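The values are calculated or read from the model by the stated rules, or taken from the named source; none is laboratory data. This is a predicted model, so every value here is computed, not measured. Cβ atoms come from the backbone with ideal geometry, glycine included; neighbour counts cover every protein chain shown.
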Amino acid sequence: MKHIKRKFLKEHKFTQDGYDFTIEQGKVAKKIKGNLNDFVPYIITTDQKFIQGFFYNLDGKKVMIGEPNPIVIYFSNAQGFLSSILEYRNDLFEGLKNDKTDVDVILNAMFGFYSVVTSFSSSLFNSLEAMINSKIPKDFTMANSRRRNSTMNKYEVIRHTGFEDKIKIVLKHITGNNFAEKKNSDYNELIKLKTLRDNITHAKANIDYEVNYYEKLYTEALDFNYEKSLDSAKEFINFYEDNLIEPCDCGLTH
């Protein structure tokens with residue numbers, strides 16, 4: 001997969017007339033009075049892009065910073081870790097096949113492999129969660145299946161609804177589309193990703209042994225199909241927001 005384009009929140013391109021008009025209006029605009037925290041700032045770039053920003057207090061002065069789209073950043077992070085995962089795993093397997101390989105080479109490869117696996121799984125799953133949560137409207141409510149005659153607001157849905165129900169129930173209710181039904185094989189890959197991420201986050205040793213023994217966890221990580229998981233995550237994100245994950249023309253892998 002090619003390196004992807006960076007994206008910012010509310011980003012769109014001005015027409016030349018729209019850009020010229022906005023710049024002129026900015027020259028005569030009155031200074032905002034009152035609390036700036038009541039406003040969402042927007043930034044106009046020299047290449048005629050309009051993007052959402054946020055205020056940051058830098059040494060006592062309010063400055064504006066453009067808001068990167070977290071979905072894209074998390075996905076891009078995972079994409080960056082992928083090449084390291086494949087390289088470390090290959091070095092590990094090739095070293096194990098050669099009886100003359102120094103044991104330190106094997107140890108370094110395994111340590112490096114699992115380090116980037118933890119970062120990949122966390123980043124990629126974060127991109128999925130960020131996509132789901134971004135699609136839930138501010139005033140959204142739904143029935144609470146755990147409590148009779150009770151409803152949940154957006155915050156409660158995000159906090160108390162499981163990943164699978166968010167896709168099959170919440171997003172279907174909001175968008176009318178069900179990724180799990182229309183792209184079931186990709187959906188199953190996302191469930192595998194969630195399982196790996198959960199097992200890493202809540203690492204548990206095999207209880208059949210007196211010592212902490214993580215054979216099952218490490219075997220799962222070594223056998224996992226990271227490329228397919230990344231492709232399925234891209235399918236999921238672009239299913240709900242067309243072309244949000246978009247290849248960059250720079251020609252780099254990352």
Working only within segment 186-224, note down all residues that are hydroxyl-bearing (Ser, Thr, Tyr), within 30 Å of Tyr155 (Cα to Cα) and surrounded by fewer than 17 Cβ atoms within 10 Å (Cβ to Cβ). Thr195, Thr201
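Confirm whether Ile106 is under 17 Å from Thr219 (Cα atoms) and of a type in the set (A, V, I, L, M). Quick ask: steps written out before the conclusion?
On the way: under 17 Å from Thr219 (Cα atoms): yes; of a type in the set (A, V, I, L, M): yes.
In short, yes.
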Given the options Asn77, Asn90, name the one that is at pLDDT 90 or above and over 28 Å from Arg6 (Cβ atoms). Asn90
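Select, from Val72, Val63, the only residue that is in contact (Cβ under 8 Å) with a residue 40 or more places away in the chain, surrounded by 12 or more Cβ atoms within 10 Å (Cβ to Cβ) and aliphatic (A, V, I, L, M). If you could, list the steps in order and put the result at the bottom.
Values: Val63 fails: in contact (Cβ under 8 Å) with a residue 40 or more places away in the chain.
Every option except Val72 fails the conditions.
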Restrict the check to segment 174-197 and report whether at least one residue is assigned by TED's automatic domain parsing to the domain that holds Glu235 and farther than 22 Å from Lys234 by Cβ. no
Considering only residues that are under 30 Å from Glu87 (Cβ atoms) and of a type in the set (A, V, I, L, M), which ones fall in segment 114-162? Val116, Val117, Leu124, Leu128, Ala130, Met131
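Where in segment 69-184 are the helices (runs of 4 or more DSSP H), entirely inside, with at least 3 residues that are of a type in the set (Asp, Glu)?
Fully inside segment 69-184 and qualifying: 70-97.
Can you tell me which residue is nearest to Ile245 (Cα to Cα) among those in segment 53-68 that are assigned to a strand (DSSP E or B) and of a type in the set (Gly, Ala, Ser)? Reasoning before the result, please.
If we filter segment 53-68 for residues that are assigned to a strand (DSSP E or B), which is where we start, we get 53-58, 61-66, 68.
Among the residues that remain, those that are also of a type in the set (Gly, Ala, Ser) are: 53, 66.
Working: Gly53: 20, Gly66: 19 Å.
The residue in question is Gly66.
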Test: Glu129 is within 17 Å of Ile237 (Cα to Cα) and not hydrophobic (A, V, I, L, M, F, W, C): yes
Restricted to segment 75-94 and to residues being of a type in the set (D, E, K, R) and free of Cβ contacts under 8 Å to residues at least 12 places away in the same chain, the residue nearest to Phe236 (Cα to Cα) is Glu87
Going by the structure shown, is Met152 touching a helix residue (DSSP H, G or I) at 6+ places or on another chain (Cβ under 8 Å), assigned by TED's automatic domain parsing to the domain that holds Gly80, free of Cβ contacts under 8 Å to residues at least 24 places away in the same chain and among the aliphatic types (A, V, I, L, M)? yes
